[in-house]
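First comes the structure, then the notes that go with it.
The values are calculated or read from the model by the stated rules, or taken from the named source; none is laboratory data. As the structure is a computational prediction, the values presented were derived from the model and not from experiment. Every residue, glycine among them, receives a Cβ derived from its backbone with ideal geometry; neighbour counts consider all protein chains shown. Remember, those area values only see protein heavy atoms, side chains included, never the ligands or the DNA or RNA. Shrake-Rupley method; radii C 1.70, N 1.55, O 1.52, S 1.80 Å.
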Amino acid sequence: MPTVSASPSIEKSAIRKISLRLVPFVALMFFINFLDRTAISFAGPNGMTQDLGLTIAQFGLASGIFFIGYILLEVPSNLALHKFGARKWLARIMVSWGVVSLLFTWVSSLEGLYTLRFLLGIAEAGFFPGAILFLSLWVPSRYRSKILALFYLAQPLTVVIGAPLAAWLIGHDGLFGLAGWRVMFLGVSLPAILVGFIAWFYLVDRPAEAKWLNAEEKKWLVAELEIEQQQTQANSSHLSVGRAMLNGRVWVLCFIYFGFIYGLYALAFFLPTIIGGFQAQFGTTFTVLQKGLITAIPYLPAAVVLYLWSRDATRRGCRTWHIALPALTGAVSIPLALAMGSPTATVAVVTITACSIFAALPNFWTLPTQFLTGASAAAAVALINTVGNVAGFSAGFITGALKESTGSYTVPMFVVGGLMLMSAVLMVALGSQRRLSVDGLTPARPAQQ
């Protein structure tokens, strides 16, 4: 793909400013987003299940019903972001979900829990694909693995920081007359509203409007992105939104993403519960804070692996094996976790699975914008994430139902492994077909960078 001639210092400076000015703030938004949607996983085994009289299957359904509302509005929301601009739309989403999340503080029935989880999905719809699309359109394709990796670091760090934070908040039982799990919902909801208001003034929709880029940086970046967009449009046969939604490549990516997200949310929603079961399984007892810290253990190495793996993909260009190999590793490791003979060994194998999932995801998201632009890219990214959210719903409900019917997590974790194996096989198949090849779509960074 052609590039615009510019001095290495200008190019390096522009990318560095984007990495420092935009990525941390959008990553903070993602941090709050993921913490809010997974807060139920910390509340469940720490009082909410008992207070609301939930069965494991009902807890799983409450975890997963979030995704029904999310799925219904995912594509329309991303198209609205494309029309109105990321600054306004992402800010609106954050304030909306913060208000709904805050209401969990006073939920008092199973029906109320289901309703709020459904409304939370509606409120959050479009945030993640919108953030991915927003950041992807700020940098040339050869830098997307790097930028999206920095953004994606927020997700494992949400658990590394969020699990102990949630445990600390739960430990304040009785504050304002609330049970500890209700204090936790209160504490994680307010930041979403605050950051949403800040986003309205802080974000910039496109490079041409960025006052923090100097004239030379802005000129290079705008020209580079315009040339790349023209090249992508020429190679995409000018796909309309409708044709993009039916495109075979897009649907293969949907199913690859399905496997990853099923594994991600099976871990996110049920790892705290699995750790809570260590006492019955191994005879070990942990405090609430200790459980929170143990939950965080797999995600710190996952953040490191995510960064290093994506850095390699940026240097070499994103290849099939950057996505397929982690999928295969996760497929093998997750069923093995429950066969371990101690809490330490179990958490170690779960750590391998977490590393595998997070290594693949940032590189995966560089693919759709390599052959789609504009509204078609917005629709395709939203569609892929919608299918992923079907996996999110399925993971919560199916894992809970299978655990309840079989009495253990063995069968549910084999389902996770099977779906991640599906992702690996599809990725290899996609890369092996010349006309659908992923290899080489993301050029390596220039040597001088």
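See the values below:
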quantity	calculated
Peptide ranges 176-187, 63-74, 99-110 listed from the most packed, as the mean C-beta count within 10 angstrom indicates	63-74, 176-187, 99-110
The chain - percent of accessible surface contributed by carbon and sulfur, probe 1.4 Å	66
Eligible lysines near Lys291 by straight Cα distance, threshold 25 Å, same-chain separation 8 or greater	Lys403
Degrees separating the helix 180-202 axis from the principal Cα axis of the chain, which is the longest one	20
Rounded if a/c under 1.5, otherwise prolate or oblate - region 79-210, Cα gyration tensor axes	prolate
Residues of the chain: accessible area per residue with a 1.4 Å probe, Å²	38
Peptide ranges 191-198, 255-262, 330-337 listed from the most packed, as the mean C-beta count within 10 angstrom indicates	255-262, 330-337, 191-198
Vicinal HN-Hα couplings computed from phi for region 317-322 (Karplus, 6.51 cos²θ - 1.76 cosθ + 1.60; Hz; Gly/Pro x)	x, 5, 10, 3, 5, 5
Charge context of Glu124, other residues only, Cβ under 14 angstrom, K/R +1, D/E -1	+1
Euclidean distance between Cα centres, region 352-417 to region 29-102, Å	16
Sequence of Arg117, Arg249, Arg315, Arg206 from largest to smallest accessible area, 1.4 Å probe	Arg315, Arg206, Arg249, Arg117
Degrees separating the helix 110-124 axis from the principal Cα axis of the chain, which is the longest one	10
Helix 8-21 vs. the chain, principal-axis angle (Cα, 0 to 90°, nearest 10)	30
Most to least packed among 30-40, 316-326 [average Cβ atoms within 10 Å]	30-40, 316-326
Cα-Cα over 18 Å, subset of Lys12/Lys88; Lys146/Lys211; Lys17/Lys88; Lys17/Lys218; Lys12/Lys218	Lys12/Lys88; Lys146/Lys211; Lys17/Lys88
